[in-house]
1. Can you tell me which of (1) in contact with a helix residue (DSSP H, G or I) (Cβ under 6 Å, 6 or more places away or on another chain); (2) aliphatic (A, V, I, L, M); (3) surrounded by fewer than 20 Cβ atoms within 10 Å (Cβ to Cβ); (4) more than 20 Å from Arg77 (Cα to Cα) is the one Ala170 doesn't meet?
2. Select, from Pro332, Pro339, the only residue that is touching a residue at least 40 places away in the same chain (Cβ under 8 Å) and not polar (S, T, N, Q).
3. Need the failing condition index for Asp219 against (1) part of a helix (DSSP H, G or I); (2) out of contact with any helix residue (DSSP H, G or I) (no Cβ under 9 Å at 6 or more places or on another chain); (3) within 30 Å of Leu97 (Cα to Cα), just the number.
4. Do we have any residue at all in the stretch 297-304 that's in contact with a helix residue (DSSP H, G or I) (Cβ under 8 Å, 6 or more places away or on another chain), farther than 29 Å from Asp395 by Cβ and surrounded by 21 or more Cβ atoms within 10 Å (Cβ to Cβ)?
5. Any idea which residue in the stretch 105-142 is surrounded by the most Cβ atoms within 10 Å (Cβ to Cβ), counting only those that are in contact with a helix residue (DSSP H, G or I) (Cβ under 6 Å, 6 or more places away or on another chain) and not in a loop (DSSP other than H, G, I, E, B)?
6. Of these, Val277, Val320, Val207, Val268, which one is free of Cβ contacts under 8 Å to residues at least 60 places away in the same chain, under 25 Å from His357 (Cα atoms) and β-branched (Val, Ile, Thr)?
7. Return a yes/no flag: does the stretch 383-392 have any residue that is on the phi < 0 side of the Ramachandran plot, modelled with pLDDT of 90 or more, under 35 Å from the mean Cα position of the chain (by Cα) and crowded, with 17+ Cβ neighbours inside 10 Å.
8. Within the stretch 210-228, does at least one residue satisfy the condition of being closer than 23 Å to Val284 by Cα, free of Cβ contacts under 8 Å to residues at least 24 places away in the same chain and not assigned by TED's automatic domain parsing to the domain that holds Glu147?
Amino acid sequence: MNAERQGLVERLLIATRVCLTVGLALVAVLLINWLAARPDLRVRMDWTATGQNTVSEASASVLERLPGTVTLDVFFRPEEPPLTQVAYIAQERTRRLMRTLRDASFDRVDLRENDVRDVEAIEQRLAELHLRGFENCVVVSFGDQREVVSLNGGLAVFDPGAPPPQSRPAQIVEFAAERALISAMLKVTRGAAREVYFVVGHGEREVDDTSSSGLSELDRQLAQDGLGVSRWNPLTDGPIPEDCACLALIGATDALSDELLDSIEIWVRAGGRLVLVPHPEDTVLATSRVGELSARFGIEIQEGIVCQPVVDPQTGRLSVGDSKVSSFAVSPNNMAGHPLVLPIKRAERSFVVSGTHPIRRTAQPTGGVTSPLFFSSTESWVDGFQPGRTGPTLDFRPDPALEATGRRFELALASAFPPADPEPQPALEEKPQARIVVLGSSMAFTNGAFRYNQDLLRNVFNWVLDREYRLSISARNPDVRLIPVDKRETALPLLSRLAWGYLPGLCLLLGVLVAFLRARGGAPE
């Protein structure tokens, strides 16, 4: 009787331990789920090799500053051949990216998947969005504002391939979903446009000039970024407009008056924003007095043109003596850690400068700082203009006896400092700043160079206007795939068998083996 009672007690104890273990496991699962549902209480870690589960710093800043909940409506359907497979891959990558954006936004992004097979629901949702027709796209909406981002051309760029005999499969040329979606969020949430005024009347480059030397591409890009673009002629339009958020003086050739120099200096020191870029020729730099204006802020635009050797395509060696040495790419290694160029540097992109003057700091502003943005290479030199038959010319060769050689030269500077007489600000409000960017040559801003320098130029104006969270976001690797397309028909079934058959079967065998070993070890001798 005692043995039976003792056995009953042992069974009750075992049952109690099992129930407690199950209960603790259930509590742990519920606690983990509760924590997982609260983004502010967890730390995200991206263990993928390509960082595909992490948004860029610029995107994170945009998400953090969203004024309310932005809705992403997904309207994806299969594409017709030959884009069926690559479109499906792009759609899945976009879905993963949107989930990542939602998780990183702390409930500021609402993701809605619309089933294209439910025609009635699709038509109802399109009517709510005041859209007509159906497109393979993502609709970004905030209040009454909405932006349609197409799959092909917006989220990704496809190459349809080529039919036989020169057969080539379709592929994703560029996957720019993050940039496209963040840009759409900015468009639907932006307030009143801030006005950028380009100074005219002194031979400056014009925003309505569509030639290779004009600035029409820059004008278009600034407008797409939500900025107003206007022209200001100080000779006819009076003082600097009250709604001016930024002045841009690019490539002036005629002399700036003392009155204009004084008015710009006073306006900037009161908290204004200025983008200042000289003409590449030394004589024009002197006569235009652009250098005098930059010197008032402790920035010296020096004479000469920075050159660096180019690689001869035939010999593979560095060569000089050709005008090509005055136009070169600035690599990430020659970019500083300033917020203006840091996104470009981290994305390992480059841009091109041509006919640029060297620039140096002569004094730091009171209460502020002037920092370099990018440099030339260590093989560069400053080529001086020499008298020629038709005017000053360059020989495009280093002359150590006459010219500075063999070191890096600063090609652009950014300066930020407090206004001279700032208005009182609340303790928690961001303090006002005057900001200036000086680049060595106006040729980098032209239509001819815009496709190489688009990210740089956008970042120049976004930093000057204190809109770092709108800095350019580089496209992601278009070749990232979870399952290779050319092996999909064998890889996917194999993965399914591993997940649903082999892995559970292996766990079952291990469980049986452990049970057998325990039973054998506990058997009486």
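The values are calculated or read from the model by the stated rules, or taken from the named source; none is laboratory data. Note that the structure is a prediction, hence the values are computed from the model and not measured. All Cβ positions, even for glycine, are placed from backbone atoms using ideal geometry, and neighbour counts span all protein chains on display.
1. The single condition Ala170 does not satisfy is (4).
2. Result: Pro339 is the single residue among Pro332, Pro339 that is touching a residue at least 40 places away in the same chain (Cβ under 8 Å) and not polar (S, T, N, Q).
3. Unmet condition: (3).
4. Yes, the stretch 297-304 has at least one match.
5. Only one residue fits best here, namely Val140.
6. After ruling out the rest, the residue left standing is Val207.
7. Let us first name the residues in the stretch 383-392 that are on the phi < 0 side of the Ramachandran plot, namely 383-390, 392.
Checking which are modelled with pLDDT of 90 or more leaves us with none.
No, the stretch 383-392 contains no residue that is on the phi < 0 side of the Ramachandran plot, modelled with pLDDT of 90 or more, under 35 Å from the mean Cα position of the chain (by Cα) and crowded, with 17+ Cβ neighbours inside 10 Å.
8. no
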